[in-house]
Every structure is written in C-alpha cells, then in structure tokens.
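A short write-up of the structure that comes next.
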Ligand SMILES: [Mg+2]
C-alpha cells in the first residue's frame with residue numbers, strides 16, 4: 001500500500017513537525033511504502049492530496065490537528081482516498097470522536113492490519129465539508145477567541161479561559177431554525193449541529209451523535225442568564241447538560257439557520273462563514289483509518305442507542 005504522510009508544521013505549535021522523526025522510525029520496518037510531505041498552507045495540502053491520488057497513493061495520513069483534518073476534507077472527498085490521522089494538535093477532538101488512542105505509535109501500528117471506518121461527511125451551503133460539529137453563538141465566540149490565541153493555553157484549560165472571556169461580552173440572539181420539516185424560532189445562547197459528540201477540546205455537546213447514521217444532532221441552548229450558562233458549563237464535558245430544561249436536542253438531515261443579527265459559524269474549530277447557512281448530510285462519506293476489527297456501525301467514544 002502506498003501511503004502519503006502529510007505533516008502540518010504549524011499544528012500543536014510545531015508538535016507534528018517534532019514528531020516526524022519518530023513517525024519515520026516507526027514506519028521504517030513497515031511493508032507499506034511511505035512518502036512524506038510537509039505542507040505550509042491548506043491550499044498546498046489539498047493540492048498534494050489531489051496530486052497524490054493521480055500518482056497512485058492509496059492512503060493519506062495526516063499529522064496535525066483538527067484544523068488540518070477540516071482543511072483536507074474537500075480534497076479527501078474529491079479523491080475518495082481513505083484518511084488516517086495522527087493527532088498532534090491542541091484539541092484533538094477528531095481523534096476523540098473516532099476513538100483513536102492517544103499513543104501515536106499505536107495508531108501507526110494500525111497499518112500492520114489496516115481497517116477503515118466509513119463516516120458521514122456533512123457540508124455547509126453545499127460546499128464546505130465538516131466532519132464533527134458546526135456551531136453558532138456562544139461556542140463560536142469562544143472559538144474565535146481561541147483561534148486568536150487570546151488567553152488560549154491549549155487543551156481544556158485554554159478553552160475554559162476563552163469561555164470566561166467570551167461570556168463577558170456575549171449577548172443572546174434571535175434565530176430561526178429549520179430542521180427538515182420542523183421550524184423553531186427563539187432567542188438562544190448557541191446552536192450546535194453535530195455529526196460527532198465532541199468539540200472544543202473534549203466538550204461532549206451531542207452525546208448521542210453517531211458519525212455514520214446519516215443524520216445530524218442539533219443542540220439548541222435557549223436564552224439563559226449568563227451565570228446559569230457558566231454554572232451549567234462544566235456539565236458539557238460529561239454530556240449531562242442535555243437534560244437542562246432550556247436545552248433542546250433535535251436530529252435531522254437538512255438544517256437551516258438564519259438570524260437578523262450578524263453571526264459567525266465555526267465548524268471543526270475553523271471559521272466557516274456567516275449566517276444564513278444550510279447544513280446537509282447524506283450525500284457524501286469518507287473512510288477513516290480505525291483500529292482493526294472496528295465495525296462501521298459502532299462508535300468510538302460515544303454511546304450506542
Ligand atoms: Mg450523525
């Protein structure tokens with residue numbers, strides 16, 4: 001099997017790059033044929049994936065963070081190449097959602113008996129694919145601060161600091177939501193459209209989300225006092241927030257969000273445009289390297305119904 005390892009040198013403040021010698025060493029005895037590229041921009045990475053496909057590469061292995069995966073998705077979807085992932089970013093929610101081990105050497109060992117899991121690839125406005133969660137409101141404001149490194153020290157603690165900063169200026173807003181035939185309008189703190197349970201460095205916003213069930217799970221946090229939001233916030237790490245009377249969980253295949261206010265959507269930790277947006281699922285899937293014997297109907301870290 002011919003594998004192209006793509007390293008994002010910026011991921012995890014250079015962690016992916018520092019790990020490269022180890023990765024090369026772990027693969028040195030492998031029967032597969034490994035090639036390596038270091039790409040500096042999302043465009044360069046996508047272009048390498050497109051070229052790799054034409055040159056007979058059979059698997060893309062990304063070494064980077066959740067943003068690296070997100071930016072690779074358009075080229076992964078277009079080429080149909082399976083995707084492996086060596087998490088070396090700050091949040092590593094993609095690995096968490098896929099049930100990948102923390103130990104990179106173990107992930108590399110999957111190549112001795114490669115197994116691929118097919119997962120849904122939803123998209124925003126028919127063009128931007130995302131693999132985990134798209135969100136607007138308080139969580140997108142936290143993400144915006146995190147991406148600008150305003151007090152972001154990485155991991156869960158970094159997110160908590162950004163939560164406190166975002167809370168200071170945040171105002172609830174009126175939103176119109178259409179989920180297939182269901183319409184809802186009201187004031188919210190945030191709306192998250194999930195194909196997977198985790199985002200934001202381990203926050204289990206949609207505990208019941210399954211990556212291959214052909215539907216999206218929407219978490220609507222209605223307007224609540226800021227102090228109440230702060231009080232409830234720690235529950236999201238266990239996914240126990242869902243029983244709160246002002247939190248609604250709905251699922252569907254086509255979700256439209258619009259607001260009279262200007263609001264930013266983020267997806268997989270990256271800026272993804274302004275409202276109005278439409279998120280759809282069911283048109284495309286990708287294949288992801290998973291532990292051997294991983295049944296496509298079983299989840300990684302999530303509960304099954
Ligand atoms: Mg799903």
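Read-outs: derived from the displayed coordinates by stated rules, not from any lab. Values in this document were obtained by computation on a predicted structure and should not be read as measured data. As a convention, Cβ positions derive from the backbone with ideal geometry for all residues, glycine included, and neighbour counts pool all protein chains shown.
So what is the calculated 222 nm ellipticity per residue for the chain, using -39500 (n - 2.57) for each DSSP H run with n of 4 or more, over all residues, to the nearest 500 deg cm²/dmol?
So the helix-based figure for the chain works out to -8000 deg cm²/dmol.
Restricting the count to DSSP beta bridges whose residues both fall in the chain, what percent are antiparallel, rounded to a multiple of 5?
75 percent
For the chain, with a Gaussian network of springs between Cα atoms less than 10 Å apart, report the residue from 186, 89, 202 with the top mean-square fluctuation.
Residue with maximal mean-square fluctuation among 186, 89, 202: 186.
Which angle between 0 and 90 degrees, to the nearest 10, do you get for helix 66-79 versus the longest principal axis of the chain when only C-alpha atoms count?
70 degrees
Looking at the square roots a ≥ b ≥ c of the eigenvalues of the Cα gyration tensor of the range 128-280, which shape do they give, rounded for a/c under 1.5, prolate if a/b is larger than b/c, or oblate?
rounded
Provide the FRET efficiency to the nearest 0.05 for the residue 180-residue 28 pair, computing r from the beta carbons and using R0 = 51 Å.
The formula returns an efficiency of 0.50 here.
By how many degrees, 0 to 90 and rounded to 10, does the Cα axis of helix 15-27 deviate from the longest principal axis of the chain?
Once rounded, the angle reads 40 degrees.
May I ask you to compute the full-extension gain from residue 235 to residue 250, defined as 0.36 nm times their residue separation minus their alpha-carbon distance, rounded to one decimal in nm?
So the extension gain works out to 3.5 nm.
Multiply the residue separation of residue 1 and residue 261 by 0.36 nm, subtract the distance between their alpha-carbon atoms, and state the gained length in nm to one decimal.
Going from the current span to full extension adds 88.5 nm.
Under a plain spin-label model, where a point goes 7 Å from the Cα along Cα-to-Cβ, how far apart in nm are residue 283 and residue 212?
Once both label points are built, they end up 2.2 nm from each other.
Return one number: the angle in degrees, 0 to 90 and rounded to the nearest 10, between the long axis of the Cα atoms of helix 42-54 and the longest principal axis of the Cα atoms of the chain.
50 degrees
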